[in-house]
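Here the structure comes first, spelled out in structure tokens, and everything after it is commentary.
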Amino acid sequence: MSKQVILTGLRANNDLHIGNYLGALLPIVDMAKTRADDFQVNLMVADLHSFTTPVDHNKLQLQIMDNLRVYVAAGLPLDHEDIRIFRQSYVPAHTELAWILDCFTGMGEMNRMVQFKEKSSLLSEDRISVGLFNYPVLMAADYLLYDASYVPVGDDQTQHLEYGRDIAQRLNNNFGELFVVPKPVKEQHEFFGKDQGLRIKDLAEPSKKMSKSTDSAKGVIFLNDTADAAREKIMSATTDSLGNISYDKEKQPGVANLIDLLALISGRSLDEVRQKYEGQAQYGTFKAEVAEAVAMFLTDFQAELAKVDTSAIEAKLATSEEQMNIQANGTLLKVQRAVGLRA
Ligand code: ADP
Ligand code: TRP
């Protein structure tokens, strides 16, 4: 029997931040380190998705390579046949399948996407691209081409993943078994050992998620921030004036976010961190511990990053991209036949 497939992608529109790391990168790297003998693990630079929101195109090549280096620094082993890294645009089948899926997707389905509403509300009308509108379709093509059962993503992508399951089922119903339908999102969270999708919040505006596309970097901890810069961002994180630490996402989103961050980054359970801090009145002491834990994490991470060998990445990309093209073209041909494009 062939191995079950895990696949995720990260856009290269900016440096990666601690939310990307904890929400998307860490789950797949953990799998790669411990389960690559049971699963095929694919990590993709979603380069085509990178400019759904405006970017500096002169920097894209550099950014793509920087992100790949981050994957390796996060612990992704490159020396395993069933662990693969690749760039989306190097596998043309992604855009071809996306077009076909586009034609079976309703405008209403895309219109309902909360992330589109959020991201487009930050842009003037003429800067909202059609790409931003229908990027969940390309994203579905990304994993359906490889029969992925598991697609680890942060909570902001849950709705997109649900659409991906719908479109896969819709085509299977119309044309016979073309796609492996990814597992229901809840099962995926259980598989990755979390009971809910993760959403690290912006430190300055804890009502919003921490995001690469945010203009102000005050609330975002980038993986290449210096330890001091990160400390400063955490110490000035927005909290509240209640004077009582409590894990209440509604009433104290800033504090709850810092509790989440501390637990995840220090590898402690949420309960343990809550027990230690809940009921305390001094936010300063608590923030200082979060700041220290994050600073330590960044220092270690950046030491790993400095050791990464770029030529090993280039060699691995060449091999993986060849393998991915073969696999993707196989699925694409099945779909092309089903819809009448090939005999
Ligand atoms: P961003 O929104 O920061 O530009 P991407 O859209 O490239 O990031 O997302 C890459 C991955 O990181 C996705 O799986 C996404 O769900 C995850 N992710 C992004 N932001 C967060 C966050 N604040 N908390 C948890 N996961 C996140
Ligand atoms: N759309 C995702 C995001 O913006 C990134 C992404 C693109 C992705 N293709 C994917 C994630 C395929 C998982 C699988 O965050």
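The values are calculated or read from the model by the stated rules, or taken from the named source; none is laboratory data. As the structure is a computational prediction, the values presented were derived from the model and not from experiment. Glycine gets a Cβ as well: all are built from the backbone with ideal geometry, and neighbour counts include every protein chain shown. Accessible surface areas use protein heavy atoms only, side chains included; no ligands, DNA or RNA. Shrake-Rupley method; radii C 1.70, N 1.55, O 1.52, S 1.80 Å.
For (1) under 27 Å from residue 67 (Cα atoms); (2) touching a helix residue (DSSP H, G or I) at 6+ places or on another chain (Cβ under 7 Å), each residue gets a yes or a no:
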| position | (1), (2) |
| --- | --- |
| 188 | yes, no |
| 193 | yes, no |
| 198 | yes, yes |
| 210 | yes, yes |
| 215 | yes, no |
| 223 | yes, yes |
| 245 | no, yes |
| 254 | no, no |
| 257 | yes, no |
For residue 36, which of the numbered conditions (1) more than 10 Å from ligand 2 (Cβ to nearest atom); (2) at pLDDT 95 or above; (3) more than 23 Å from residue 265 (Cβ to Cβ) fails to hold?
(2)
Could you give every pair whose Cβ atoms fall below 6 Å, whose first residue belongs to region 297-316 and is open to solvent by less than 70 Å² (accessible area, probe 1.4 Å), and whose second residue is modelled with pLDDT of 95 or more and among the β-branched types (Val, Ile, Thr), counting only separations of at least 6 or pairs across chains?
308/72; 316/85
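Given the options 219, 154, name the one that is within 16 Å of ligand 2 (Cβ to nearest atom) and either open to solvent by less than 30 Å² (accessible area, probe 1.4 Å) or more than 19 Å from the chain's Cα centre (by Cα) (or both).
Details: 219 fails: within 16 Å of ligand 2 (Cβ to nearest atom).
Of 219, 154, the one residue that is within 16 Å of ligand 2 (Cβ to nearest atom) and either open to solvent by less than 30 Å² (accessible area, probe 1.4 Å) or more than 19 Å from the chain's Cα centre (by Cα) (or both) is 154.
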Counting only residues that are among the β-branched types (Val, Ile, Thr) and not in a helix (DSSP H, G or I), which one in region 168-216 is least open to solvent (accessible area, probe 1.4 Å)?
200
So how many residues does region 11-28 have that are open to solvent by less than 10 Å² (accessible area, probe 1.4 Å) and either away from ligand 2 (no atom under 14 Å from the Cβ) or within 8 Å of the chain's Cα centre (by Cα) (or both)?
3
Just checking, which of 167, 200 is hydrophobic (A, V, I, L, M, F, W, C) and closer than 30 Å to residue 231 by Cα?
200
Region 316-343, residues that are aliphatic (A, V, I, L, M) and within 24 Å of the chain's Cα centre (by Cα):
317, 318, 324, 328
Filtered residue count, region 111-132, keeping only those that are within 20 Å of residue 209 (Cβ to Cβ) and part of a helix (DSSP H, G or I)
9
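Of everything in region 93-121, what is hydrophobic (A, V, I, L, M, F, W, C) and free of Cβ contacts under 8 Å to residues at least 24 places away in the same chain? Give them in sequence order. So that I can check it myself, show each step before the final result.
Of all residues in region 93-121, those hydrophobic (A, V, I, L, M, F, W, C) come to 93, 97-101, 103-104, 107, 110, 113-114, 116.
Correct list: 99, 103, 107, 116.
Residue 122: closer than 19 Å to residue 157 by Cβ, away from ligand 2 (no atom under 14 Å from the Cβ) and not polar (S, T, N, Q), yes or no? Break it down stepwise before answering.
Details: closer than 19 Å to residue 157 by Cβ: yes; away from ligand 2 (no atom under 14 Å from the Cβ): yes; not polar (S, T, N, Q): yes.
Yes: the conditions hold for residue 122.
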Being open to solvent by 10 Å² or more (accessible area, probe 1.4 Å) and within 16 Å of ligand 1 (Cβ to nearest atom) is the filter; apply it to region 75-100 and report the residue that is nearest to residue 15 (Cα to Cα).
87
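Report whether or not residue 2 is modelled with pLDDT under 95, open to solvent by 20 Å² or more (accessible area, probe 1.4 Å) and over 30 Å from residue 299 (Cβ atoms). Let's see the steps before the verdict.
Values: modelled with pLDDT under 95: yes; open to solvent by 20 Å² or more (accessible area, probe 1.4 Å): yes; over 30 Å from residue 299 (Cβ atoms): yes.
Criteria met by residue 2.
Tell me which residues, restricted to region 45-59, are within 15 Å of ligand 2 (Cβ to nearest atom) and either outside any helix (DSSP H, G or I) or open to solvent by less than 60 Å² (accessible area, probe 1.4 Å) (or both).
Here is the first cut: in region 45-59, the residues within 15 Å of ligand 2 (Cβ to nearest atom) are 45-55.
Scanning region 45-59 gives 45, 46, 47, 48, 49, 50, 52, 53, 54, 55.
Condition check ((1) assigned to a helix (DSSP H, G or I); (2) closer than 20 Å to residue 188 by Cβ; (3) touching a residue at least 24 places away in the same chain (Cβ under 8 Å); (4) away from ligand 1 (no atom under 14 Å from the Cβ)) across all residues:
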position	(1), (2), (3), (4)
7	no, yes, yes, no
19	yes, yes, yes, no
28	yes, yes, yes, no
32	yes, yes, yes, yes
37	no, no, yes, yes
43	no, yes, yes, no
63	yes, no, yes, no
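Does at least one position in region 271-280 carry a residue that is aliphatic (A, V, I, L, M) and surrounded by fewer than 17 Cβ atoms within 10 Å (Cβ to Cβ)? It would help to see each step written out before you state the result.
First pass over region 271-280, keeping only residues aliphatic (A, V, I, L, M): 273.
From the residues that got through so far, the ones that are surrounded by fewer than 17 Cβ atoms within 10 Å (Cβ to Cβ) too are none.
Among the residues of region 271-280, not one is aliphatic (A, V, I, L, M) and surrounded by fewer than 17 Cβ atoms within 10 Å (Cβ to Cβ), which makes the answer no.
Residue 35 - would you say it is surrounded by fewer than 22 Cβ atoms within 10 Å (Cβ to Cβ), in the same structural domain as residue 127 (by TED's automatic domain parsing) and either among the aromatic types (Phe, Trp, Tyr) or touching a strand residue (DSSP E or B) at 6+ places or on another chain (Cβ under 8 Å) (or both)? Working first, answer last.
Values: surrounded by fewer than 22 Cβ atoms within 10 Å (Cβ to Cβ): yes; in the same structural domain as residue 127 (by TED's automatic domain parsing): yes; either among the aromatic types (Phe, Trp, Tyr) or touching a strand residue (DSSP E or B) at 6+ places or on another chain (Cβ under 8 Å) (or both): yes.
Here the answer is yes, as residue 35 does meet what is asked.
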